[in-house]
Amino acid sequence: MPSIYLMRHGQASFYSADYDQLSPVGEEQARFNGRWLAQQGKVPKLIFHGSLKRQRQSVTALLEGLQAGGHASLPSVYEDPAWNEFDHLAVLQAHARHAGPLAQLMDSIPETAVAQREAAFSDYFSAAMARWVTHQTAAGEQTLYPETFSAFETRVKQALQKVHQHNQDRMLVVTSGGPISMVAKQLMQLDTRAALELNWRLVNAGLTKLGWRAGRAPQLISLNEHMHFSGKQAHLLTAR
């Protein structure tokens, strides 16, 4: 059965000035995925990825891992910005017009109160996403969003169709949590709220597998695989 693996990028630099940059752990996650795929005999014939820096860096580390795993012949790699994450900064900035700046909220919580800070960020981000999805905007405010939620969902759907048309035995897409959750929404007919909740559960460098039979559309085979991040590799299991 032909298959597509959707891989979330490795851990980005969440608390740094440049989020769109793999952390050392993120590089190790993607590199280990490459070794693991090679050792399992699951090397993809084609790799697709978005144009974000963290996605490109994940592909570079993944290819290094494939070579380290003993696979000398590397797959062909194609960049497609349709696999990019939605612009989370624009979503947060639009919400800030109503709820106040996120930085102001975070500054009000001591840095030592890690759990409280994470909960505050989660609540703020969830509210910002709800505003984006439901178009809770004042007159003319829609221009604050460079891409509507509907356009994002359509973009991901079309990106998956393009990959599916290649119809190779094994293909892999390095993308982000948002596109993966939109694919799951489409294939499992989830409502939007469930899909957004799923996005929070996707681990860094986790693997989601799609498969199909001749003449059929892709189906979800597995979601958010990360069992290989266990034992001696347990330190590689991260979500932020």
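Think of the chain as a dipole: +1 on every Lys or Arg Cβ, -1 on every Asp or Glu Cβ, centred on the Cα centre; then among L202, T134, A119, L202 lies furthest on the positive end.
Counting residues in the range 1-133 as N, plug N into 2.2 N^0.38 Å and put the Cα Rg over that result. Intermediate values should be presented prior to the final figure.
Numbers: Rg = 18.2 Å, N = 133, 2.2 N^0.38 = 14.1 Å.
Ratio of Cα Rg to 2.2 N^0.38 Å: 1.29.
Shape analysis of the range 88-144 based on the Cα gyration tensor places the equivalent ellipsoid semi-axes at 24, 11, 7 Å, largest first.
Out of all DSSP beta bridges with both ends in the chain, state the antiparallel percent to the nearest 5. Working shown, then result.
Numbers: 10 of 24 bridges.
Percentage antiparallel, nearest 5: 40.
Of the residues L105, S58, S76, the one whose Cα sits farthest towards the positive end of the charge dipole of the range 37-131 is S76 (charges of +1 on Lys and Arg Cβ, -1 on Asp and Glu Cβ, taken about the Cα centre). In this structure, the residue pairs whose Cα-Cα separation is over 20 Å, taken from K45/K162; K53/K157; K185/K209; K45/K209; K53/K162; K42/K209, are K53/K157; K53/K162. Here the range 88-144 is assigned +1 on the Cβ of each Lys and Arg and -1 on the Cβ of each Asp and Glu. Its dipole about the Cα centre then comes out at about 160 debye.
With viscosity 0.890 mPa s and temperature 25 °C, the Kirkwood radius over alpha carbon pairs of the chain converts through Stokes-Einstein to a diffusion coefficient of 131 µm²/s.
Structure remark: mean-square fluctuation, Gaussian network model of the chain, C-alpha springs under 10 Å; the largest value among T112, T192, T175 belongs to T112.
Which value, in debye to the nearest 20, gives the size of the charge dipole of the chain about its Cα centre, when Lys and Arg are +1 and Asp and Glu are -1 at the Cβ? All intermediate terms of the calculation are to be shown ahead of the outcome.
Numbers: 23 positive and 20 negative charges, 179 e Å.
Charge dipole, the chain, about its Cα centre: 860 debye, nearest 20.
Kirkwood radius and radius of gyration were both taken over the C-alpha atoms of the range 140-239, and their ratio Rg/Rh is 1.02.
Read the figures in this text as sums done on the coordinates, not as results from a lab. All values derive from a computational prediction rather than experimental measurement. Every residue, glycine as well, gets a Cβ built from its backbone with ideal geometry; the counts of neighbours run over all protein chains shown.
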